[in-house]
Amino acid sequence: MSGSGDSRRQWIRGVVAGTALATGHTQAAESNRPNILYLHSHDTGRYIQPYGFDVPTPNLQKLAAEGILFRHAFNAAPTCSPSRASLLTGHCPHNNGMLGLAHRGFSLKDYQQHILHTLRPNGYRSTLIGVQHIAKDPAVIGYDEILDTAGVHVAEVAPAAVRFLKQRPKQPFFLDIGFFETHREFHRPGPQEDERFCTPPTPIPDSPATRRDMASFKASARVLDQGIGAILDALESSGLAANTLVISTNDHGVPFPAMKCNLTVHGTGVALIMRGPGGFGGGRVSNAMVSHLDVYPAICELLKLGKPAGLQRTSLLPLIEGQAQELHEERFVEVNYHAAYEPKRAARTRRWNYVRRFGEREHPVLPNCDDSPSKELWIKNGWKNQLVPREQLFDVTFDPNETRNLAADPVHAKALTEMRGRLDAWMKRTDDPLLRGPVKPPAGAVLNDPDGISPQEPPRPPV
């Protein structure tokens, strides 16, 4: 992990002034546990400035320069509700029950698994503002307070969050702030998002339509960043910043073909920036491979709370404290349902990403890709009839964009066998329902036909 020494010393001084948690075990430290500010967006992936992309997000850049940026952070599922549910419960989707989208009829098996129910007995008051996306009715989650807003875009959510922070809420608090941005439909590009000088994401061909599409994404990212900046400014001006752990992340990759809802890095890679007490400062960068599932145990360890039984990953704190350079040799990710059923699993190591699809389907599930100009270009060029391999093996050292499938190459037979074994062992260890056949949806789930084109098409009854 690397970073600026001066910046880190400045944040350590703030931490020492704001909380004794990092070094003490006294009763005073226990009563001064840090607040938690959880900021999350839709469909942003790593396509922001701190990850080196030409998508200006100066407020997120500032947060990274003051905190810790995880370069190789991944979700547990590249779809909206399963991703968030995994971070907030510490369990992968097929264990916590969030197999699809909350607004389409999927839910957690037990909302008591949500981290707020671990925080509440330790004095935390929980507040939700904006998007939550893990329950059709947010009241079932159990927040102490849900602030009503006129909508879930930055324009409605950020002002409500600023007002909340300026009232200096009772501490410690768990404040969950979710934004619709950068989900489609995107914002209209402004002068700073000139489509003539945009480049579409890596898997997408360069054309006038895709450049225009990317310009619109950049406009949404600009609006998102402005909202985050306003909230962080309010946190600072209210005197709460030094004693608040900020967690900024998103659910999955950007909403373009071969990205969101896909098990390559384009779908599973997420931004994760953390800043605050306990060593989360200094403008450092972690190169360790980490997961959203590591966040819950890290919060428990930072706050010196007992971890609920069954959390499926490991705390980030050994990385923060310099006790480890890596946490995991492997990580796993899944898709069950998005708009339509598309069961698949993946195992990733530093060298390899192995993807396996289940069932008999041989073609793309187009309803699981959001409608867009980029999607239209692919469809016009025969995407619907493309063959999708049952297995894929990518050498992420020589093929970081994961485009060359080596599963049928005898030279890599040993790696294929190893990665198959890793995935099989995880599925057995976690009692993956796919081991027993197709995963059934809940009664009343709203699903699209996998043979359709758009998620906006009329749903079909579950089979």
Residue count, region 293-306, condition charged (D, E, K, R) and either without any contact (Cβ under 8 Å) to a residue 40 or more places away in the chain or surrounded by 20 or more Cβ atoms within 10 Å (Cβ to Cβ) (or both), comes to 2
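Are there helices (runs of 4 or more DSSP H) fully within region 36-116 with at least 3 residues that are out of contact with any helix residue (DSSP H, G or I) (no Cβ under 6 Å at 6 or more places or on another chain) and among the charged types (D, E, K, R)? List them.
On the way: elements: 58-66, 80-89, 93-96.
Fully inside region 36-116 and qualifying: nothing.
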Over region 354-367, the set of residues open to solvent by less than 20 Å² (accessible area, probe 1.4 Å) and in contact with a helix residue (DSSP H, G or I) (Cβ under 7 Å, 6 or more places away or on another chain) is Y354, P364, L366
Scanning region 236-246 residue by residue, those surrounded by fewer than 22 Cβ atoms within 10 Å (Cβ to Cβ) and either touching a His at 6+ places or on another chain (Cβ under 7 Å) or not in a helix (DSSP H, G or I) (or both) turn out to be S238, G239, L240
Checked T397, T417 against criteria (exposed (fewer than 15 other Cβ atoms within 10 Å of the Cβ), polar (S, T, N, Q) and assigned to a loop (DSSP other than H, G, I, E, B)); the one match is T397
Practice problem: With respect to A347, determine if the residue is open to solvent by less than 40 Å² (accessible area, probe 1.4 Å), assigned to a strand (DSSP E or B), within 21 Å of P93 (Cα to Cα) and small (G, A, S). | Solution: yes
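Restricting attention to region 122-148, report how many residues are surrounded by 18 or more Cβ atoms within 10 Å (Cβ to Cβ), in contact with a strand residue (DSSP E or B) (Cβ under 8 Å, 6 or more places away or on another chain) and not in a strand (DSSP E or B). Quick ask: steps written out before the conclusion?
Taking region 122-148 first, the residues surrounded by 18 or more Cβ atoms within 10 Å (Cβ to Cβ) are 124-135, 141, 143.
Next, from what is left, pick out any that are in contact with a strand residue (DSSP E or B) (Cβ under 8 Å, 6 or more places away or on another chain): 124-133, 141, 143.
Applying the additional criterion that residues be not in a strand (DSSP E or B) yields 124, 131-133, 141, 143.
The qualifying residues number 6.
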I'd like to check something: does region 260-281 contain any residue that is of a type in the set (K, R), out of contact with any Pro (no Cβ under 7 Å at 6 or more places or on another chain), modelled with pLDDT of 95 or more and open to solvent by less than 20 Å² (accessible area, probe 1.4 Å)?
yes
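Got a sec? Which of L327, L311, L305 is outside any helix (DSSP H, G or I) and over 23 Å from the mean Cα position of the chain (by Cα)? Quick ask: steps written out before the conclusion?
Details: L327 fails: over 23 Å from the mean Cα position of the chain (by Cα); L311 fails: over 23 Å from the mean Cα position of the chain (by Cα).
Residue meeting the stated conditions: L305.
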Residue set V290, V285; condition open to solvent by 10 Å² or more (accessible area, probe 1.4 Å) and either in a strand (DSSP E or B) or in contact with an Asp or Glu (Cβ under 6 Å, 6 or more places away or on another chain) (or both); output residue V285
Those residues of region 31-84 that are under 16 Å from A298 (Cα atoms) and out of contact with any strand residue (DSSP E or B) (no Cβ under 8 Å at 6 or more places or on another chain) come to a total of 1
Of those in region 420-441 that are without any contact (Cβ under 8 Å) to a residue 24 or more places away in the chain and outside any helix (DSSP H, G or I), the residue farthest from H94 (Cα to Cα) is G437
Only one of (1) outside any helix (DSSP H, G or I); (2) modelled with pLDDT of 95 or more; (3) surrounded by fewer than 23 Cβ atoms within 10 Å (Cβ to Cβ); (4) in contact with a helix residue (DSSP H, G or I) (Cβ under 9 Å, 6 or more places away or on another chain) does not apply to F164, and that is (1)
Subset of region 304-338, residues of a type in the set (A, V, I, L, M, F, W, C) and closer than 30 Å to G359 by Cα, comes to L311, F332, V333, V335
Going through region 442-463 in order, the residues found to be assigned to a loop (DSSP other than H, G, I, E, B), out of contact with any helix residue (DSSP H, G or I) (no Cβ under 9 Å at 6 or more places or on another chain) and either open to solvent by 90 Å² or more (accessible area, probe 1.4 Å) or closer than 24 Å to H363 by Cα (or both) are A443, P458, P461, P462, V463
Check: If you go through region 198-210 one residue at a time, do you hit one that is part of a helix (DSSP H, G or I) and either touching a strand residue (DSSP E or B) at 6+ places or on another chain (Cβ under 6 Å) or among the aliphatic types (A, V, I, L, M) (or both)?
Finding: yes
Whether any residue in region 181-196 is open to solvent by 20 Å² or more (accessible area, probe 1.4 Å), assigned to a helix (DSSP H, G or I) and within 30 Å of W378 (Cβ to Cβ) is what I want to check.
yes
Taking region 342-393 and keeping residues within 24 Å of Q456 (Cα to Cα) and hydroxyl-bearing (S, T, Y) leaves S372, S374
Of the residues in region 376-400, those that are touching a residue at least 40 places away in the same chain (Cβ under 8 Å) and in contact with a helix residue (DSSP H, G or I) (Cβ under 8 Å, 6 or more places away or on another chain) come to E376, L377, I379, W383, K384, L393, D395, V396, P400
Scanning region 320-344 residue by residue, those open to solvent by less than 10 Å² (accessible area, probe 1.4 Å) and over 30 Å from D370 (Cβ atoms) turn out to be I320
Practice item. Please tell me if L377 is farther than 22 Å from E342 by Cα and open to solvent by less than 100 Å² (accessible area, probe 1.4 Å). Key: yes
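The values are calculated or read from the model by the stated rules, or taken from the named source; none is laboratory data. Here the structure is a predicted model, which means the values were calculated and not measured. For neighbour counting, all protein chains shown are included, and Cβ atoms are generated from backbone atoms with ideal geometry for every residue, glycine included. Protein only, heavy atoms only, side chains kept; ligands, DNA and RNA dropped before computing areas. Shrake-Rupley method; radii C 1.70, N 1.55, O 1.52, S 1.80 Å.
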